[in-house]
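Engineer: Sending over a structure as structure tokens; questions will come in a sec.
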Amino acid sequence: MAIIETAEISPAPATYIDWAPVIAGAVAASAISSLLLTFGGAVGLSLTSPWPGTGARLWVVGFFLLWWMVAVQIGSFAAGGYLAGRMRSRWGTTSKPESQFRDSVHGFMVWALGVLIGAIVLGLVGLGAAKTAAQSASMVAGGAAATPAAKTAPADYAVDLLLRPAPATAASEVKAPAGNDDVLRGEANRIFTSAIANRELSQRDYDYLSQVVASRTGLPQAEAQQRVQQAVTEARDLEIKARETADKARKSAILTGFIAAASLLISMVAAIVAAAAGGRHRDENRIPTFSGHRFW
């Protein structure tokens, strides 16, 4: 840091908080954050590749992006806090500890305003995403109404497996009895949904499904019972996998929340410390230097 000539101390402003440096620091922090996050996103994309066996592993890219986001948040708030502390008007009648406290308060306000701006932006983005999701859901619902078979629940796959025609049906020209296939699938779907919820298939439902499969596919009764058992096992396995996926997502959300809270706390401390440093450099009439040269 180089020392320059001192300037006369300005008279005390009318308000305790000098909002112009606070707003300037928050805007600067947001701009620096946007710039560095864009750069980090480009680097992260350069590490990935759509070709198998090339590019970095997914967890490596995720760790890099998470680390970069935390570092950028802390660094940008520190820069904004320093600018706010450096630009704040000096109070001629205050003691040194009081001046340092007020500089720190301005750094805290830079952090608070930056978090508020970020929350508003995320809220607007979230509203847009929710609107898009609602429109997509309505379109999907309309498509599902037109084609009732277009569903993706675990029980639906089990029903498809359950009612799949036997390979020998075409060769032997055995015809299944006529009936409403959609009604039959819906009934079997409800049976499987109940079995998944209760974690067991009752003997009554098991016998009924076996009879339905035998009449629907032309399979012998023993093979029909075996197919029912395989379908129940498949549905349970898919339901367990779905629960495991949801549990992993829950744990990831918890970890991400803790990391976000910790980074916000650290960035708050960084903004306060940097603002105090900026105020101290202002009072000592220092200017930032790099390798002996002024860069600001």
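Engineer: Can you give me the solvent accessible area of residue 254 with a 1.4 Å probe, rounded to the nearest 10 Å²?
Structural biologist: 80
Engineer: Any chance you could run the full-extension gain for residue 293 through residue 35? It's 0.36 nm times the residue separation minus the Cα-Cα distance, nm to one decimal. The partial results should precede the final answer.
Structural biologist: Values: separation 258, 0.36 × 258 = 92.88 nm, distance 2.46 nm.
Taking residue 293 through residue 35 to full extension adds about 90.4 nm, to one decimal.
Engineer: Treat the range 223-263 as a sphere of radius equal to its Kirkwood radius over Cα pairs and apply Stokes-Einstein at 4 °C in a medium of 1.567 mPa s; give the translational diffusion coefficient in µm²/s, rounded to a whole number.
Structural biologist: Reported coefficient: 104 µm²/s.
Engineer: Still on this structure, I have one more. Taking amide H positions as placed in the peptide plane 1.01 Å from N, state which residues far from residue 90 in sequence (5 or more) or on other chains have amide H under 5 Å from it.
Structural biologist: Those qualifying (amide H under 5 Å, at least 5 residues apart or on another chain) are 10.
Engineer: So, by mean Cβ neighbours within 10 angstrom, what's the order for 78-86, 265-273 with the highest one leading?
Structural biologist: 78-86, 265-273
Engineer: Then there's this: Would you calculate the separation in nanometres between label points at residue 245 and residue 211, each defined as 7 Å from the Cα along the Cα-to-beta-carbon direction?
Structural biologist: So the two model labels end up 3.6 nm from each other.
Engineer: Here is a further query. Collect residues whose amide H, placed 1.01 Å from N in the peptide plane, falls under 5 Å from the amide H of residue 218; neighbours closer than 5 in sequence don't count.
Structural biologist: Close amide H contacts, sequence-distant or interchain: none at all.
Engineer: Using a basic spin-label model with each label point 7 Å from the Cα along Cα→Cβ, how many nm lie between residue 20 and residue 281?
Structural biologist: 2.0
Engineer: Under a plain spin-label model, where a point goes 7 Å from the Cα along Cα-to-Cβ, how far apart in nm are residue 45 and residue 119?
Structural biologist: Taking the simple label geometry, residue 45 and residue 119 are separated by 3.1 nm.
Engineer: When you count, for each residue, the other Cβ atoms within 10 Å and take the mean per peptide, how do 183-190, 212-219 rank with the highest first? Show your work: numbers first, answer last.
Structural biologist: Numbers: 183-190: 16.1, 212-219: 19.9.
Averaged packing, sorted descending, gives the order 212-219, 183-190.
The values are calculated or read from the model by the stated rules, or taken from the named source; none is laboratory data. Keep in mind it's a predicted model, so treat the numbers as computed, not measured. Neighbour counts are summed over all protein chains in view; Cβ atoms, including those assigned to glycine, are modelled from backbone coordinates with ideal geometry. The accessibility values were calculated without ligands, DNA or RNA, using every heavy atom of the protein model including side chains. Shrake-Rupley method; radii C 1.70, N 1.55, O 1.52, S 1.80 Å.
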